[in-house]
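The values are calculated or read from the model by the stated rules, or taken from the named source; none is laboratory data. In this text, all values refer to a predicted model and were calculated from it rather than measured experimentally. No Cβ is skipped: glycine too gets one built from the backbone with ideal geometry, and neighbour counts run over all protein chains shown.
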Amino acid sequence: MGGSRSAFGYVVLRIVAAAALGAMLGWFFGSVWGGVSSTLAAYLAWNLWQLRELSLWLQNRSVADPPHTMGLWGDVVAQVVRLHRRKRYHKERLTRLFRELRRSTAAMPDGVIMLDPVGEIVWFNRKAAELLDLSRRADLGIRIDNLVRHPDFVQYLHGGNFSLPAIVHLEAPMERYVAFQLISYGEDQRLLMLRDVTREVRLEQMRKDFVANASHELRSPLTVVAGYLETFGSDPGLGELAAPVAEMRRQTDRMTRIIEDLLELSRLESNDKPIKGLPIDVAAMASLLRKDVLARPSHPRLVEVNLESPAMLVGDEAMVQSAFSNLVDNAAKYTPPEGSMMIRWWTDEEGAHFSVRDTGPGIPAEHIPRLSERFYRVDPARSRETGGSGLGLAIVKHALLRHGGRLEIESIEGRGSTFTCHFPSERVLETPVAATA
């Protein structure tokens, strides 16, 4: 600021000096105002020349040297040079950062695509180009859904739920399974992550096929063994062999239940598409489940059913029956005879909900995230005693997924557990309540 003031003062001083010199020359030649005008005109011409030099330098400042000048023009040139150097420094720094970013993303095993707010491709790395056969010359600025036209990907891109990746089966440029994960950042900018999951999907399919085939192959011989054991068990002359045969029958029955659960789980996993189904009377189903619990030789002292809504659930009745009965069966097994159970059905603005609450031993918090895994048991010894297969909650989870629902588990160790099935609102069919006279 002080430099600008001194430069401006120097200009004023030069103008005054030029005017005084012009007045002296004009007095000598007999015209004072003529001398002053000529001197000021020459000074103005000099300033215009300096302005022209500055303009030419600004147009070619990347290759030309700054003009040599003084006074206010020198101060302007110096400020422009400082700004130019600062801008060039930041530009070089940003260029280095961008190059490092490009090198790091190019080295990533996953594909990365940067999208603008309307879904047009801004940039992509080498892996993304390989997975989707992209070209920088042809595909930059093109909408991603115009390049990847698979219905599952388009539905994921415009669905709004990006918490889970979408696995899409692509047939070009080569057949593979690609997981897409959309991440929002900045001002309505989006980052699309791509990962080749072909090996994982095929291994999972091989596992499903093996489980299904093995279960089918084991069911027939196990049925024969169970039949012979039942025949032996009815023989009154077994004597000391009666207890071992009874235990063999019990274990055979347990193996049969495990195989039946495996077959049902394989059936659910074979088709993950949502089902339409028909209206289901959940109130009647809950009442039947309560009767089944009370018909057990050992059951909780109190089994209640709380029906807070007359609404029906649209879905596959056999699948929903299997999911609900698994939850009720688990609660009945782990609730002591002096305990209680509550079966509840209600609806709200978020959808329909079916819960089973018990007063059993509860579940430690570290086990809850893994409860729906196949064969996962909190207490393996107790599960063997109660005859559990470890597949019940996995069946519940897959049945709910087919209906667009989810399973929520709440438990306090030593105080009991609550298992809740949440269904979306489109699965709810409201039924009119009959008017009373």
### Message
Being acidic (D, E), at pLDDT 90 or above and within 27 Å of the chain's Cα centre (by Cα) is the requirement here; does D348 meet it?
### Response
yes
### Query
Does R126 satisfy the criteria of being at negative phi, in contact with a helix residue (DSSP H, G or I) (Cβ under 8 Å, 6 or more places away or on another chain) and surrounded by fewer than 16 Cβ atoms within 10 Å (Cβ to Cβ)?
yes
### Query
helices (runs of 4 or more DSSP H) wholly in the stretch 75-193 with at least 3 residues that are aliphatic (A, V, I, L, M) and closer than 30 Å to Q205 by Cα - which ones?
126-132
### Message
Taking the conditions exactly as written (over 29 Å from the mean Cα position of the chain (by Cα), farther than 25 Å from S355 by Cβ and not hydroxyl-bearing (S, T, Y)), does R301 satisfy them or not?
### Response
no
### Query
In the stretch 352-378, which residues are outside any loop (DSSP other than H, G, I, E, B), of a type outside the set (D, E, K, R) and buried (at least 20 other Cβ atoms within 10 Å of the Cβ)?
A352, F354, V356
#### Entry: Verdict on G119 being surrounded by 11 or more Cβ atoms within 10 Å (Cβ to Cβ), at positive phi, within 22 Å of the chain's Cα centre (by Cα) and modelled with pLDDT of 80 or more
yes
### Query
Out of (1) assigned by TED's automatic domain parsing to the domain that holds M342; (2) touching a residue at least 12 places away in the same chain (Cβ under 8 Å), the odd one out for T256 is which?
(1)
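Conditions tested, residue by residue: (1) surrounded by fewer than 12 Cβ atoms within 10 Å (Cβ to Cβ); (2) among the aliphatic types (A, V, I, L, M); (3) in contact (Cβ under 8 Å) with a residue 40 or more places away in the chain.
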residue	(1), (2), (3)
E200	no, no, no
V211	no, yes, yes
H216	no, no, yes
G233	no, no, no
Q251	no, no, no
L263	no, yes, yes
